[in-house]
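Q: Quick one: structure below, then a few questions.
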Amino acid sequence: MTELLPLAAPSPAALSTTVVFALALCCSLLLKVWLSTRQIRHVARHRDAVPPMFASKIALAAHQRAADYTIVKARFGLIEMAWGAAIALGWTLLGGLSLLNQTLVGIAGHGLGQQVALIGAFVLINGLLELPFTLYQTFVIEERFGFNKTSIRLWLQDLLKSSVLSALIGLPFIALVVWMMGAMGTWWWLWVWGAWMGFNLLALLIYPTWIAPWFNKFQPLQDAEIQQHVSQLMARCGFTSKGFYVMDGSKRSAHANAYFTGFGASKRVVFYDTLLAQLNPAEVDAVLAHELGHFKHRHVPKRIVSLFALSLAGFFALGWLSQQTWFFTGLGVSPNMTGANDALALLLFMLVLPLAGTLLGAPDGPAVTPTRVRGRCLCGRTNQRRRPVERLAQAVSGQRRHTDTRSSVCAVLLLTPACHGAFGAAGKPIHNTLSRSDLEAKNPFCARPPSADSYTNHSKAGPASKLETLG
């Protein structure tokens, strides 16, 4: 028999938790919808005219195609937001997580295996619920605007590989975390944070040489001119890497990209083949120079340190909340009477924390810094500009939207600071960079905060506007 906490009149603390969670969920959704619809209206208003400063470089048809791409993605995002809120509500106040826990306890009884199975089943079900959106994003929206190069076969291969990696790497780590939560006493959260931090750093080291090659082919950069330009630029900045590599990104997408990845001795620079096909050596220099500025000012280690500090605060909060009965009952979950509730506490915390991040972090969307090359405004690296609470939500919960099936590995491993395309702040894509010819042919919209360099007029949309065109 499954032994659960007997039903009783909810305590005032539990009722307050329920009300606060419901309000936070509604306010978070309404805020995101308001920002997105405001942006959609702003882009639609400026669709029929290219801003004067770009009129000589960007054709009207290209500008309108870029606007259409942004509007389509934003409208689809509204559906994703609503679906995400419904999933969160279903797991919590509607009893989904409690039912899943009871079912697994009835099958496997109490113990470490049941708790690991609970987390694994939660991730699996979540992935299945979000699968239609990933498919539509890739094979309908990206296909419609000429970006998708992924076949169904390749997509399925990526899904299979990511699932295997999740099982081989993620499940043992989850088992370790859950075991430590129950075996390390009152200070378990400090030990778990140490293990989590070490695992993230290990992931930074192994990703370039062990994980990334599962999904893409990497060849040494053969273009001597580009290699010389980049080497000289990096030498002036004091940046050293293990080598320059070209990745076959064109087999999945027409988007161009480049990134620094790895940590310490495993650092390397990776160029998408689409990037090298579009830019000349001087333009590639300009793309890398921006990111080298972050290296020069030590932004990457500062970001890593801040994320680790915020995650420590998050684990401390989890340690306290996991001991409060009202935390479970207020979120629609009946805790186990005789068995451990560590996995339940961890999953509830993952569901709740992003709401605090949204409301207290004042999300303004990703920001893009443009790089100008020979009169062109190239799309810069997406910079996730978030306030501390929102970064904390990501650092602990692992909740981010991913359109790439490879990212499900990160979701299972709970490695958020080390998970966005590549692992970690030292492994993030540095530029979604497009040449002018590509902009005129395909024209993605890029996101950036308001500034004098904005491609569209920000005077009416205001600071809340999330997306803008860059020419």
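Any read-out appearing in this document is the output of simple, stated calculations on the displayed coordinates, not a laboratory observation. This structure is a prediction, so every number in the text was calculated from the model and none was measured. Methodologically, a virtual Cβ is constructed for each residue, glycine included, from the backbone with ideal geometry; neighbour enumeration extends over all protein chains shown.
Q: Out of ILE119, ILE71, ILE79, report the one residue that is surrounded by fewer than 18 Cβ atoms within 10 Å (Cβ to Cβ) and part of a helix (DSSP H, G or I).
A: Of ILE119, ILE71, ILE79, the one residue that is surrounded by fewer than 18 Cβ atoms within 10 Å (Cβ to Cβ) and part of a helix (DSSP H, G or I) is ILE79.
Q: Looking at the range 125-148, which of its residues are surrounded by fewer than 17 Cβ atoms within 10 Å (Cβ to Cβ) and not in a helix (DSSP H, G or I)?
A: GLY146
Q: Let me ask another. For the range 169-181, which residues satisfy the criterion of being surrounded by 15 or more Cβ atoms within 10 Å (Cβ to Cβ) and of a type outside the set (Phe, Trp, Tyr)?
A: Selection gives ILE169, GLY170, LEU171, ILE174, ALA175, LEU176, VAL177, VAL178, MET180, MET181.
Q: Is it the case that the range 7-30 has a residue that's within 28 Å of the chain's Cα centre (by Cα) and farther than 30 Å from TRP326 by Cα?
A: Residues of the range 7-30 that are within 28 Å of the chain's Cα centre (by Cα), as a first pass: 17-18, 20-30.
Adding the requirement that they be farther than 30 Å from TRP326 by Cα leaves none.
Taking every residue of the range 7-30 in turn, none turns out to be within 28 Å of the chain's Cα centre (by Cα) and farther than 30 Å from TRP326 by Cα.
Q: What residue, of ALA49, ALA61, is over 31 Å from the mean Cα position of the chain (by Cα), in a helix (DSSP H, G or I) and within 24 Å of GLY146 (Cβ to Cβ)?
A: Testing whether each residue is over 31 Å from the mean Cα position of the chain (by Cα), in a helix (DSSP H, G or I) and within 24 Å of GLY146 (Cβ to Cβ) leaves just ALA61.
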